[in-house]
Amino acid sequence: MGDPRILFAASEVYPFAKSGGLADVAYSLPRALNDRYDVDVILPLYQFIDRERFGIQAIGETLHIKMGGIEYPVTVYSCDYEDMTYRFIYTPLLCDREFLYGPPHGGYEDNDIRFALFNYAMLEILKRDQYEIVHLNDWQTALLPLLLNNEPEIKTKSLFTIHNLAYQGVFQKKALSKLGIDEKYFHMDCLEFYGEVNFMKAGIAYADKITTVSPTYAKEILTPEFGCGLEGFLQYHSAKLTGIVNGIDTEHFSPSHDKMIVKPYVDLRGKAVNKRAFLKEIKVKDPKRPLVVFIGRFTWQKGLEIFINALPDMALEACNIVILGEGEKQYHDAFKALAKKHDNIYMEFGYDEALSHRMYAASDFFLMPSLFEPCGLAQMIAMHYGSMPIVHSVGGLTDTVHDHASFDKKSQKGYGVVFTKPDPHAFLHAVKKALQLYRMKARYNKIRKHNMLCDFSWRESGELYIKEYEYLREEGQRG
Ligand code: ADP
């Protein structure tokens, strides 16, 4: 008998499609579990995925999936990439789009049909192929547990991971008929959410187990402050909820093997080479100053109000500030205006994986003033590359970054500068403290060296996922 089969589903998976941390997790977690299980990863075959580069081929006939009285042609594709098997769902309505979810300022109107089709297609696969567990991620995959509830002959158990509760997949009630979902599910214990249809609720209600991406976020989402209106519903289902902190792929994000940086490195001397090269690349005026960077989506969640309000004062400090990101227009405009005014602020708009790696390698400090942060990967990547994070203590940031004042070189924890009040003053104060620490070279370097050696891989958290999987397999065997 082979290893137990797992189908791992996400709407984005690195390197095929990525808008944020979900894609990193969907790349790295299945790999961490693949020794123990036979994991297939499944995602939509968006038109921008390079079929030739990855050798993606159709498998089997085109299926005709009926949803809400309409038939949709669906083809399953597959490829092997770095010893993993990937499956892709192709149907024009889901895949033939410029963006994953919609242009930067809003989602596509038919995202309900698009992602419901993804779920129906997976249901077809589960009817044909035997998987013991389907591991689902975020609202784009959250309908499947409800669909499985209607198919008692399918024995697959479901694990639903919430990466960000702020995105729930909420659509008008009329979606129900388009999605072929019975009105009986439209009540407050299931899909209904203030008169609308909520995909995330289907996952929470019907999945056999739920995880979220850090222990602190698992507690936070049970409160009105972070529950995004679902705190009561989550409290009701909290017996099946666990928080497991994400890991990073320490091969992909490895300063010693990174092909995207100028010079791979194992120590701070090697890091300095990357800093010098990067400062030359962006032509900074005063390269002796500490380099402070921000990489992330321009959304409210990432604390951009705090950041933008603090930025004029930050720019008066002796440092260089480099910002890479894209998202909401008001933030683009504000950053652009500030960069014009201050010659030590450098802006890069857009999504650029290689540039982000050069920035992790070059930077001295990494900013994360997030208002909420389910886990956050960037702070761990930063620490791994010897860049010290400056973070608001919330969600996964609380679990992964400890304040440098309590630095203990014997611990396995990562250290940075932590502030607890999400306002521009507290943030600015933290930045100033960080710049002071920078001047205390011996201590600053000791902490950075320690961070670079910490284990941010999936080793420990992978074991916790194995525990969840084994629980579900035992349940499945009990029938
Ligand atoms: P989130 O998933 O909320 O966006 P995370 O910190 O979990 O935040 O993950 C963000 C990931 O996306 C990291 O790998 C980060 O380096 C990357 N990233 C975010 N914005 C950009 C960008 N503009 N260019 C390149 N990489 C980016």
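Laboratory data are not the source of any read-out in this text; all were calculated from the coordinates shown. Treat the numbers as computed from the prediction; the structure is a model and nothing was measured. Methodologically, a virtual Cβ is constructed for each residue, glycine included, from the backbone with ideal geometry; neighbour enumeration extends over all protein chains shown.
Couplings 3J(HN,Hα) of the stretch 169-181, computed from phi: x, 10, 9, 4, 4, 5, 4, 3, 5, 5, 8, x, 9 Hz, in residue order, whole Hz [Karplus 6.51 cos²θ - 1.76 cosθ + 1.60, θ = phi - 60°; x for Gly and Pro]. Here the peptides 448-457, 343-352 are ranked by packing, the mean other Cβ count within 10 Å, and the order with the highest first is 448-457, 343-352. Across all directions, the average flat footprint of the convex hull enclosing the Cα atoms of the stretch 158-219 is 4.6 nm².
Order these peptides, 148-160, 179-191, by their mean beta-carbon neighbour count within 10 angstrom, highest first. Before the final figure, lay out each step's value.
Values: 148-160: 17.5, 179-191: 15.8.
Peptide ranking by packing, descending: 148-160, 179-191.
Taking the DSSP beta bridges with both ends in the chain, the antiparallel portion is around 25 percent.
Does the stretch 64-167 come out rounded, prolate or oblate by the C-alpha gyration tensor, with a ≥ b ≥ c the root eigenvalues, rounded set by a/c under 1.5 and, if not, prolate when a/b is larger than b/c and oblate if not?
Details: a/c = 1.31, a/b = 1.29, b/c = 1.02.
It comes out rounded by the Cα gyration axes.
Sort the stretch 366-451 into rounded, prolate or oblate with this rule: let a ≥ b ≥ c be the square roots of the eigenvalues of the Cα gyration tensor; rounded if a/c is under 1.5, and if a/c is not under 1.5, prolate when a/b is larger than b/c, oblate otherwise.
On the way: a/c = 1.83, a/b = 1.21, b/c = 1.51.
Here the stretch 366-451 falls in the oblate category.
When the square roots of the Cα gyration tensor eigenvalues are ordered a ≥ b ≥ c, the ratio a/c for the stretch 218-373 is 1.5 or more and a/b does not exceed b/c, which makes its shape oblate. Charged side chains reduced to their Cβ positions (Lys and Arg at +1, Asp and Glu at -1) give the stretch 1-42 a dipole of some 60 debye around its Cα centre. Within the same chain, aspartates and glutamates fewer than 8 places from Lys280 are excluded, and of the rest, those with a Cα less than 20 Å from its Cα are Asp258, Asp343, Glu348, Asp352, Glu353, Asp364.
Taking only the alpha carbons of the chain, we obtain Rg and Dmax values of 22.7, 69 Å in that order.
A straight Cα-to-Cα reach below 18 Å connects Lys413 with the lysines Lys446, Lys449, residues fewer than 8 places away in its own chain not being considered.
For the stretch 214-295, the spread of Cα coordinates along the three principal axes comes to 55, 29, 17 Å, biggest extent given first. State, as an integer percentage, the relative contact order of the chain based on alpha-carbon contacts under 8 Å between residues 6 or more apart. About 13 percent, as a whole number.
When Rg and the Kirkwood radius Rh are both evaluated on Cα atoms of the stretch 288-384, their ratio Rg/Rh stands at 0.92.
Each peptide in 121-130, 23-32 receives the mean, over its residues, of other Cβ atoms within 10 Å, and ordering these scores from highest gives 23-32, 121-130.
Sum -39500 (n - 2.57) across every DSSP H segment of at least 4 residues in the chain, then divide by the residue count to get the 222 nm mean residue ellipticity, nearest 500. Spell out each step's value before the answer.
Working: 18 runs with 179 residues, N = 479.
Taken over the chain, the calculation gives -11000 deg cm²/dmol.
The residues Met368, Met67, when put in order of fewest to most other Cβ atoms within 10 Å, stand as Met67, Met368.
Among the lysines, which have Cα under 23 Å from the Cα of Lys178 when same-chain residues fewer than 8 positions away are ignored? In chain and number order, the partners are Lys66, Lys127, Lys201. Pairs of C-alpha atoms in the stretch 1-102 farther apart than 19 Å represent 45 percent of all such pairs. For the residue pairs Lys157/Lys240; Lys18/Lys259; Lys285/Lys341; Lys275/Lys329, the alpha carbons lie more than 21 Å apart in Lys275/Lys329.
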